[in-house]
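The values are calculated or read from the model by the stated rules, or taken from the named source; none is laboratory data. Everything numeric in this text was worked out from a predicted model, so none of it was measured. Reconstructed Cβ throughout: ideal geometry from the backbone, glycine too, with neighbour counts over all protein chains shown. Note: accessible area is taken over every heavy atom of the protein model, side chains too, but ligands, DNA and RNA are not part of it. Shrake-Rupley method; radii C 1.70, N 1.55, O 1.52, S 1.80 Å.
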Amino acid sequence: MAADRAALAAALSALAPLGERVEDGGPIGPLTTYRVGGAAAVRVTVGGEADLEVVAGAVGASGLPVLVVGRGSNMLVADAGFPGIAVLLDPGAFGRIEVAGSGVQAGAAVALPTLARQSV
């Protein structure tokens, strides 16, 4: 299984839009509110919907579990880590807030305090 993870990390790194944003064994615990926990088998940061499509195509056949991480405020990571692919959403692309009348749309990488302030 470790060889499969390393091969997937190498394959993702080779894809043009991802490159250096792929890490074999990248930490995810420090990205959570409580700042504890281990690493993911593979960690990739996506900068937009096109990156998500590339990652989805590459991991679909891998059989590894996928964890999508926005701001990390609603998750705890075991010290042993996550045995799959952690997809980190870049706040630049997934941190938008749109307020229209009484409706609010927020990306998954929006900080909750920011969302609360802008939607009041």
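What a 1.4 Å probe finds exposed on the chain is 56% carbon and sulfur by accessible area, rounded to a whole percent. Taking all Cα pairs closer than 8 Å and separated by 6 or more residues, the relative contact order of the stretch 37-120 comes to 35 percent. From its DSSP helices (H runs of at least four residues, each -39,500 (n - 2.57)), the chain gives a residue-normalised ellipticity at 222 nm of -8500 deg cm²/dmol. Each residue of the stretch 98-112 is assigned a 3J(HN,Hα), and the resulting list reads 10, 10, 9, x, 9, x, 10, 10, 10, x, 5, 9, 7, 5, 4 Hz, derived from the Karplus form 6.51 cos²θ - 1.76 cosθ + 1.60 (θ = phi - 60°), x at Gly and Pro. LEU76 to SER102: FRET efficiency via 1/(1 + (r/R0)^6), r the Cβ-Cβ distance, R0 41 Å, to the nearest 0.05? With R0 = 41 Å, the Cβ-Cβ based efficiency is 0.80. Rounded to the nearest 5, the antiparallel percentage of DSSP beta bridges internal to the chain is 45%. Think of a 1.4 Å ball rolled over the protein heavy atoms: the chain then has 56 Å² of accessible area per residue. Computed over the chain with a Gaussian network model linking Cα atoms closer than 10 Å, the most mobile of ILE85, ILE97, ILE28 is ILE97.
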